[in-house]
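The values are calculated or read from the model by the stated rules, or taken from the named source; none is laboratory data. Just so you know, these numbers come straight off a predicted model, no measurement behind them. Glycine also receives a Cβ, built like all others from the backbone with ideal geometry; neighbour counts cover every protein chain displayed.
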C-alpha cells in the first residue's frame, strides 16, 4: 500500500478501493468464491444439502451482527475474531453448521492500515479455524470523527439438519439448564481495558467459535436438546429471561453452581457489576431433557470449549415467564432482565 | 416509546433493546420468521428451489453492503430505501431472485427515534414492494460523536436459476452494451443536498429495486445476457473498466448515446464532476449477445425502471482491458477507472 492510513478514496469504489480489496482483503480472505468479486457470491444450493444427506428438508440459517467493540484489540481477541465468532455462534445456536460469512467494513478515515490488516488477518485465521469462508464483502469509509476506527458487520448462512429443532420457545418444564463454562470473561476484559484496571491473574476474553461444541452435543443427544443460546449482551440473566418468556416456563438457577473466575469476580466488585449481566462471547446455555443431561454434559466436558460445563438449574412449571435465583444462603430472588445500560460497546 | 432519542441502553441487549425491537422493528418488519427473534432466522432450503423448479441445481446468491449515506433523507429516498434497493440490486445483478434480507443497525446515541422510525418504515415499504422479507437483524448503539446518525448493513440471499450464468468475466467481443436509463441522478442529488444547490428542475435519486427489470430481461433473452452490473460508487466508467479487465475485452461507448438529465449535467458542471463517474442506485448496464440486443432493449423499455434504456456501445476484441469513449466530436479517449475520491458517503 502506498499510504499507511485509510483515506476517503479507499471507499470511493475506484482505483484505491480496488487496491485495498486486492492487496488486503483478498490476500487474507483467500477463496475462489470471493475472488470472483462479483456483486453477489454464488454457491450451489446443493452445497447446503451436502452436509446433511440424511435430512429430507434441511433449513437454511441466516443471521447478522454488527461489531462496534472498543477497544478493537483486547486480551484474548480483537474486533475481527469477535465478528467471526459472534456470527458463527448465532448460527450454531440454531443448530446450524456455519458455512459462509459476509463481511461489511465501515472504516474511519485515518485508521492505520496496519491495524486494519491485523483485524483482517485475525478474521481470516478465525474463519479458517471455524471452517467457514468469507465469500462476499463491502467497504465504506467515513470522514474522520464520524465513526470510531472501524465497525464490522458479518452476516452468515449455514444449514440446519432436520433433527435439530431448537428454539427459545421449545423449552419444557423439567429441562435441565447447562452452562458451558465461566461467566463474564469477555465483558470484564473489555471493561478492565477501558478502565485501565489490572489484576494479579489477567483477564482474557472467552471469544471462541462454538459450533464444534454444539455439533458434539447434538451428536450424543439428538432431539433432547431443546434450546441453545449464547449469553452475549445482557448476560446470562437476560438470556434466561428471554427463554422463560418465550417458552412460558419458570427457570430456577443456583448462584453457587454458576462458575465465575476470581479475577472476573474481583473486577465486577470493583466496578459494581453483576457477572450474571455481563456479556460472554464463548459460552452457551443449553436446555436439555433430563434423561439426556448427563450424556450431554459429558460430551461438553470432552470438548475444548466446554471443559467447565456444569448444570446450573432446571426449568419449572411454576412462576412461568420468570427466572428465580437461589442464592448461596438458600434465599430465592427474582432475576430480572437487564435494565439500563451496563456496558456499552462490549461487542 | 418512553424516550424520543436513541440511548446507549437501546443497545444493551436488555429491556430497552427488547422494547426497541418489539415496538419499532417488529412492528414494521412484520413477518413470522423475524418474529421468532432467535439468534438466526431459519427457512427451509426447499424455499430456494421452489422458485426455480425447472432448474436442476440452482445457486444461492449471498451479498452484503453497508450504507453510510449523508444526509440520511434525500429527494427520491433515504438510507433505508437505499439499504434495501442496494442489496436487492446486488443480488439481481447475479441473476438471482432476492428472497431474504438481514438488517444490522449502528445507531448514534441521540438519534431521534422518529427519524429511525421513518427509516425503518421506508425499509419495510421498499422490502414489501420488492417482495423480500427482512428476517434477521441486529442493533448496536455507539456513544454520541462515534457514528453519524445511523449506518445500516443489509446482507441478502436469493436464488439463481441454472439458466442465468452471469459474470463480469463472461463478456465477449461483439456484445452490445445497454444502459437502463440516465446517469448520475443519485450521486448528484446527494451532492446537491450537501452543497445546498437548487435547480429549476429538481434532482431526485434514482434509487429503485431492479430485480423485476432483470427478470423481464432474462425472460426474453435467456443465455444471451452475459453480464449485468449496477454502476454505483465509481459510476459507469469504473464499472465498465472492471468488466473490461475481468473479461479481457475492450469496451467502446458513445458519449452522445449516454443519457444524462439536464439538471444532473448542470450540477456536474457546477461542481466540476463527470456524470460517467457519479453513483447511480437504480440503473444497470447489460452486456448482451448482439442477436438478442433488440429483444432485450424492448423488454427493458416496457419495464417501469427501464423506460429510457438505450444502447450505448459495444464490446471489441481490440484494446483489451480498456474502455474507450467516442466523444460527440468523434474523438476517442481512454476512459479510466475513478482515481481519488469524487464523492464520499454517497451510499
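If we scan region A:275-287, do we find a residue that is surrounded by fewer than 20 Cβ atoms within 10 Å (Cβ to Cβ), out of contact with any strand residue (DSSP E or B) (no Cβ under 7 Å at 6 or more places or on another chain) and assigned to a helix (DSSP H, G or I)? Step through it out loud before you land on a result.
Our first condition is that a residue be surrounded by fewer than 20 Cβ atoms within 10 Å (Cβ to Cβ); within region A:275-287, this holds for none.
No, region A:275-287 contains no residue that is surrounded by fewer than 20 Cβ atoms within 10 Å (Cβ to Cβ), out of contact with any strand residue (DSSP E or B) (no Cβ under 7 Å at 6 or more places or on another chain) and assigned to a helix (DSSP H, G or I).
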Name the single residue, out of those in region A:301-347 being at positive phi and either free of Cβ contacts under 8 Å to residues at least 24 places away in the same chain or within 14 Å of chain B (Cβ to nearest Cβ) (or both), that is surrounded by the fewest Cβ atoms within 10 Å (Cβ to Cβ). A:330
Show the residue pairs that are 6+ apart or on different chains and have beta-carbon atoms under 6 Å apart, the first residue being within region A:164-175 and touching a residue at least 24 places away in the same chain (Cβ under 8 Å), the second being surrounded by fewer than 16 Cβ atoms within 10 Å (Cβ to Cβ) and not in a loop (DSSP other than H, G, I, E, B). A:174/A:290
Test residue A:95 against the stated conditions and say whether it is assigned to a loop (DSSP other than H, G, I, E, B), more than 30 Å from residue A:13 (Cβ to Cβ) and assigned by TED's automatic domain parsing to the domain that holds residue A:25. yes
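Would you confirm, using the coordinates I've provided, whether residue A:137 is in contact with a helix residue (DSSP H, G or I) (Cβ under 9 Å, 6 or more places away or on another chain), at the interface with chain B (Cβ under 7 Å from one of its Cβ atoms) and closer than 30 Å to residue A:250 by Cα?
no
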Out of the residues in region A:29-86 that are surrounded by fewer than 16 Cβ atoms within 10 Å (Cβ to Cβ), within 12 Å of chain B (Cβ to nearest Cβ) and assigned to a loop (DSSP other than H, G, I, E, B), state the one that is modelled with the lowest pLDDT. A:51
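Residue by residue, here is whether (1) within 14 Å of chain B (Cβ to nearest Cβ); (2) outside any strand (DSSP E or B); (3) touching a helix residue (DSSP H, G or I) at 6+ places or on another chain (Cβ under 6 Å) holds:
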residue	(1), (2), (3)
A:154	yes, no, yes
A:169	yes, yes, yes
A:177	no, no, no
A:181	no, yes, no
A:189	no, yes, no
A:212	no, yes, no
A:215	no, yes, no
Looking only at region B:1-25, filter to residues that are closer than 18 Å to residue A:90 by Cβ and within 27 Å of the chain's Cα centre (by Cα); which one of those is farthest from the other protein chains (Cβ to nearest Cβ)? B:25
Kindly list the number of the only condition in (1) more than 18 Å from the chain's Cα centre (by Cα); (2) at pLDDT 95 or above that fails for residue B:189. (1)
In region A:219-238, which residues are part of a helix (DSSP H, G or I) and either surrounded by fewer than 24 Cβ atoms within 10 Å (Cβ to Cβ) or not assigned by TED's automatic domain parsing to the domain that holds residue A:177 (or both)? A:219, A:220, A:237
Given the structure, is residue B:127 within 25 Å of residue B:60 (Cα to Cα), more than 14 Å from chain A (Cβ to nearest Cβ), crowded, with 24+ Cβ neighbours inside 10 Å and in contact with a helix residue (DSSP H, G or I) (Cβ under 9 Å, 6 or more places away or on another chain)? yes
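Please verify whether region B:319-335 includes one or more residues that are under 24 Å from the mean Cα position of the chain (by Cα) and either more than 15 Å from residue B:179 (Cβ to Cβ) or part of a loop (DSSP other than H, G, I, E, B) (or both).
From region B:319-335, those under 24 Å from the mean Cα position of the chain (by Cα) are B:323, B:335; that's our starting set.
Next, from what is left, pick out any that are either more than 15 Å from residue B:179 (Cβ to Cβ) or part of a loop (DSSP other than H, G, I, E, B) (or both): B:335.
The answer is yes; a qualifying residue exists.
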Within region A:234-252, identify whether any single residue is in contact with a strand residue (DSSP E or B) (Cβ under 9 Å, 6 or more places away or on another chain), under 18 Å from residue A:310 (Cα atoms) and away from chain B (no Cβ under 14 Å), and answer yes or no. yes
Checking the conditions here, which among A:271, A:236 is in contact (Cβ under 8 Å) with a residue 40 or more places away in the chain and over 28 Å from residue B:35 (Cβ atoms)? A:271
